[in-house]
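Here is the structure we will look at, set down as structure tokens.
The values are calculated or read from the model by the stated rules, or taken from the named source; none is laboratory data. Because the structure is predicted, anything quoted here is derived from the model rather than measured. Heavy atoms of the whole protein, side chains included, go into the accessibility calculation; ligands, DNA and RNA do not. Shrake-Rupley method; radii C 1.70, N 1.55, O 1.52, S 1.80 Å.
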Amino acid sequence: MMVELLKRLGLNKYNVDPKPHIEVDENICIKCKEKFCIRVCPAGTYEALPDGRIVVHYERCLECGAALVACPYGSIKFRFPENGISYRYG
Ligand code: SF4
């Protein structure tokens, strides 16, 4: 019985998408003063550098779509991660 359980647990595998599922247009973001994406993202996915560029911590993304809606300049390119997961902790 225990062996059967361990065999089944062994089936839990994550196929992590190696490519970022969010990209921003650096040329647009650097001119954006409001940085709405930072304000609305509940997961802290977007971070501004002192020079105005945006760093995307895509592994934090909850896929809620808030930043996509909030960005008035169409800078964000988003796709759902392949296999349903963008990052695996640990
Ligand atoms: S993603 Fe949109 S809201 Fe965020 S900094 Fe770039 S242009 Fe501004």
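Computed over protein heavy atoms with a 1.4 Å probe, the accessible surface of the chain works out to 75 Å² per residue. Apolar share of the accessible surface for the chain: 56 percent from carbon plus sulfur atoms, 1.4 Å probe.
For the chain, the relative contact order comes to 39 percent (Cα pairs under 8 Å, sequence separation of at least 6).
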